[in-house]
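The values are calculated or read from the model by the stated rules, or taken from the named source; none is laboratory data. Given the structure is predicted, the values throughout are model-derived calculations rather than measurements. Here Cβ is always computed from backbone atoms with ideal geometry, including for glycine, and neighbour counts include all displayed protein chains.
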Amino acid sequence: MKTAARSSNTAETPPATGRAAASKLERTRQKLVAGIRAEVADAGNFNADRVAARAGTSPATFYNHFATKDDALVAAYEALMAELADSVAADCRIERLLDQGLDDFALNWLQSSAAFFADNAALFRLAQAAIERSRELRELFRRYEDSIIGTYRRFIELGQAANLIRQGDALAMAQTLAVVSEGWFHPLVQKLEPGSPLHREMAGSLARALSPDGGT
C-alpha cells in the first residue's frame with residue numbers, strides 16, 4: 001500500500017511541474033510586455049534587445065514569446081486596452097454618479113481619462129500607425145471598444161433609472177460617449193490641467209449632454 005501511495009504521488013508530479021513551467025512562462029511574458037510598454041513610453045518605439053534588457057532576459061527569449069515585432073506590439077496593445085476597459089469600468093460606476101453628482105462626476109472622469117491617455121500616448125500612437133496592416137490589432141480594438149460601449153450603456157441605463165441621466169436610446173448614447181472619449185487622446189487633453197478653463201468647459205459639455213434638464 002505504501003508503494004502504491006508513493007507511485008501515486010510520483011504520477012502527480014509532472015502536472016504540477018507543468019503548471020509551474022507555464023506560470024514561469026507567463027511571468028516572463030508579462031515582464032516582456034511591461035518592458036515593451038516602458039520602452040515605448042521612453043523612446044516611442046522598441047526592439048528585442050532593449051525590451052529584453054528591461055525584462056532581465058535575452059533577445060532569444062523575446063522571440064520565443066513573440067515571433068515578430070508586430071506580435072509583440074499586439075500583446076502590449078492588448079494589455080493596454082484591457083487596462084483602459086478596466087479604467088472605464090472603475091470610473092463609470094453608478095455609485096460615483098450618485099455620490100458626486102453629474103457635474104463633479106464629469107470633471108473627475110475627464111481628469112482620470114486624460115491622465116490615462118497621457119501616460120500611454122506613445123503606445124496608442126504606435127498601435128494606430130500599425131493598425132491598418134494588422135488584422136489582430138483591428139480585432140482587438142473592436143473587441144475592447146464593444147466591451148467599453150457595453151460599460152457605458154449599463155452606466156447610462158442605471159443613470160436613467162435614477163433620473164440622473166436624460167432619457168434616450170442608451171446604446172446610441174453609449175456609442176456617442178465612445179466617440180467623444182476617443183477624442184480625449186488629443187494632445188490638448190493629454191496636457192489638461194485639473195481645474196483649468198478647458199477642463200471645466202469639456203466636463204461641462206459632457207454633463208450638459210447627459211443631464212436630464214440639459215444642464216440648465
Condition check: loosely packed, with under 15 Cβ neighbours inside 10 Å, assigned by TED's automatic domain parsing to the domain that holds Arg166 and closer than 22 Å to Glu145 by Cβ. Does Ala106 satisfy that? no
In the set Val40, Val51, the lone residue that is within 22 Å of Leu137 (Cβ to Cβ), modelled with pLDDT of 95 or more and in contact with a Pro (Cβ under 9 Å, 6 or more places away or on another chain) is Val51
Among the residues of region 178-197, is any part of a helix (DSSP H, G or I), modelled with pLDDT of 95 or more and in the same structural domain as Trp109 (by TED's automatic domain parsing)? yes
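For region 34-54, what are the residues that are of a type outside the set (D, E, K, R) and either part of a loop (DSSP other than H, G, I, E, B) or more than 12 Å from Lys69 (Cα to Cα) (or both)?
Hits for region 34-54 are Ala34, Gly35, Ala38, Val40, Ala41, Ala43, Gly44, Asn45, Phe46, Asn47, Ala52, Ala53.
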Here the residues within region 198-216 that are touching a residue at least 60 places away in the same chain (Cβ under 8 Å) and not in a loop (DSSP other than H, G, I, E, B) are His199, Arg200, Met202, Ala203, Gly204, Leu206, Ala207, Leu210
Over region 126-155, the set of residues modelled with pLDDT of 95 or more and among the charged types (D, E, K, R) is Arg135, Glu136, Arg138, Glu139, Arg142, Arg143, Glu145, Asp146, Arg153, Arg154
Q.
Would you confirm whether or not region 74-81 contains a residue that is in a helix (DSSP H, G or I), touching a helix residue (DSSP H, G or I) at 6+ places or on another chain (Cβ under 9 Å) and either at pLDDT below 95 or within 26 Å of Glu193 (Cα to Cα) (or both)?
A. yes
Evaluate region 101-109: report whether one residue or more is farther than 23 Å from Arg138 by Cβ and within 19 Å of the chain's Cα centre (by Cα).
yes
Apart from one, (1) in contact with an Asp or Glu (Cβ under 7 Å, 6 or more places away or on another chain); (2) within 17 Å of Ala130 (Cβ to Cβ) all hold for Pro59; the odd one out is (2)
Of the residues in region 137-170, those that are farther than 18 Å from Ala85 by Cα, buried (at least 16 other Cβ atoms within 10 Å of the Cβ) and touching a residue at least 40 places away in the same chain (Cβ under 8 Å) number 5
